[in-house]
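The values are calculated or read from the model by the stated rules, or taken from the named source; none is laboratory data. Predicted model, so just to flag it, every value in this text is computed and none were measured. Positions of Cβ are backbone-derived with ideal geometry, glycine not excepted, and every protein chain shown enters the neighbour counts. Ligands, DNA and RNA are excluded from the accessible area calculation, which covers all protein heavy atoms including side chains. Shrake-Rupley method; radii C 1.70, N 1.55, O 1.52, S 1.80 Å.
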Amino acid sequence: MKTLVTGFEPFGGSDRNPSAELITRLEGEAITVVLPVEFEAVRKVVPDLLAEHRPTHVVCLGLSGCATGLTLERVAINLIDARIPDNAGDQPVDRPVIPGAPAARFSTLPVKAMLRAVQATGIPGELSLSAGSYVCNALLYHVLHAAAAFPRDIRPRCGFIHVPLEDAVDLDSQERGLRAAMAHLDVSEIHFADGELC
Ligand code: PCA
């Protein structure tokens with residue numbers, strides 16, 4: 001197993017992003033990269049990262065100010081609608097991540113098995129049906145799109161975890177939950193009812 005884990009730099013006027021802090025804690029155990037919060041940079045770097053490292057698994061991390069626990073994203077949509085500019089000053093509105101590509105792509109990680117692993121540590125976790133329409137969603141879409149182009153036998157399993165603010169869940173706890181999730185990257189998916197009904 002060769003896992004690539006990405007985090008993001010701070011954005012939106014904040015001076016810290018827990019996803020980048022988590023990356024420093026995983027250095028030496030996985031291929032770790034902290035990405036700029038920039039649509040264009042992400043678009044360019046994703047194919048290179050997959051081609052250079054040939055990971056078997058990709059776990060992308062990003063901050064969600066709304067998250068109350070580790071939030072396993074199930075789907076990336078082919079839509080950008082940026083409420084704030086990215087760190088390069090770009091603010092695309094109502095544009096596709098990749099023109100002409102499918103409307104959505106699903107995470108290929110066993111998210112339900114990973115969720116149970118997180119919850120078993122006592123750290124809050126949940127599944128999410130939307131990674132938003134900002135840079136995190138775009139990253140997940142690019143990663144899944146690039147991975148889909150690999151032959152099935154060497155195609156990396158990829159997904160995204162939104163992490164909460166450190167005020168909501170301290171970094172040590174986030175790390176514990178993340179490690180539990182990452183220990184289950186290659187298990188068979190399990191099935192239990194979790195879907196949203198509003
Ligand atoms: N969170 C943002 C982008 C970078 C990050 O950490 C998002 O949820 O899109």
Practice problem: Give just the number: which of (1) farther than 30 Å from Leu197 by Cα; (2) touching a His at 6+ places or on another chain (Cβ under 7 Å) does Ala113 not satisfy? | Solution: (1)
Exercise. For region 106-126, enumerate the residues that are within 16 Å of the ligand (Cβ to nearest atom) and over 12 Å from the mean Cα position of the chain (by Cα).
Key: Glu126
Quiz item: Pairs, please: C-beta under 9 Å, at least 6 apart or cross-chain, first residue within 16 Å of Asn137 (Cβ to Cβ) and open to solvent by 20 Å² or more (accessible area, probe 1.4 Å) and in region 1-17, second near the ligand (Cβ under 8 Å from one of its atoms) and among the β-branched types (Val, Ile, Thr)?
Solution: Phe11/Val37; Phe11/Val135; Gly12/Val37
Quiz item: Thr56 fails exactly one of the following numbered conditions: (1) in contact with a Gly (Cβ under 8 Å, 6 or more places away or on another chain); (2) open to solvent by 20 Å² or more (accessible area, probe 1.4 Å); (3) within 16 Å of Arg157 (Cα to Cα). What is the number of that condition?
Solution: (1)
Quiz item: Out of (1) among the charged types (D, E, K, R); (2) open to solvent by 60 Å² or more (accessible area, probe 1.4 Å); (3) not in a helix (DSSP H, G or I), the odd one out for Arg179 is which?
Solution: (3)
Quiz item: Can you tell me which residues in region 18-39 are loosely packed, with under 13 Cβ neighbours inside 10 Å and either within 26 Å of Pro151 (Cβ to Cβ) or not polar (S, T, N, Q) (or both)?
Solution: Glu27, Gly28, Glu29
Quiz prompt | Those strands (runs of 3 or more DSSP E) lying entirely in region 77-161 with at least 1 residues open to solvent by 10 Å² or more (accessible area, probe 1.4 Å), among the small types (Gly, Ala, Ser) and in contact (Cβ under 8 Å) with a residue 12 or more places away in the chain | solution = 104-106, 125-128
Self-check item: Members of region 162-198 that are without any contact (Cβ under 8 Å) to a residue 24 or more places away in the chain and within 17 Å of the chain's Cα centre (by Cα)
Solution: Arg179
Practice problem: Write out, first by first residue and then by second, each pair whose Cβ atoms fall under 6 Å of each other, whose residues are 6+ apart or on separate chains, and whose first residue, in region 38-62, is touching a residue at least 40 places away in the same chain (Cβ under 8 Å) while the second is surrounded by fewer than 16 Cβ atoms within 10 Å (Cβ to Cβ) and among the charged types (D, E, K, R). | Solution: Phe39/Asp90; Pro55/Lys2; Thr56/Lys2
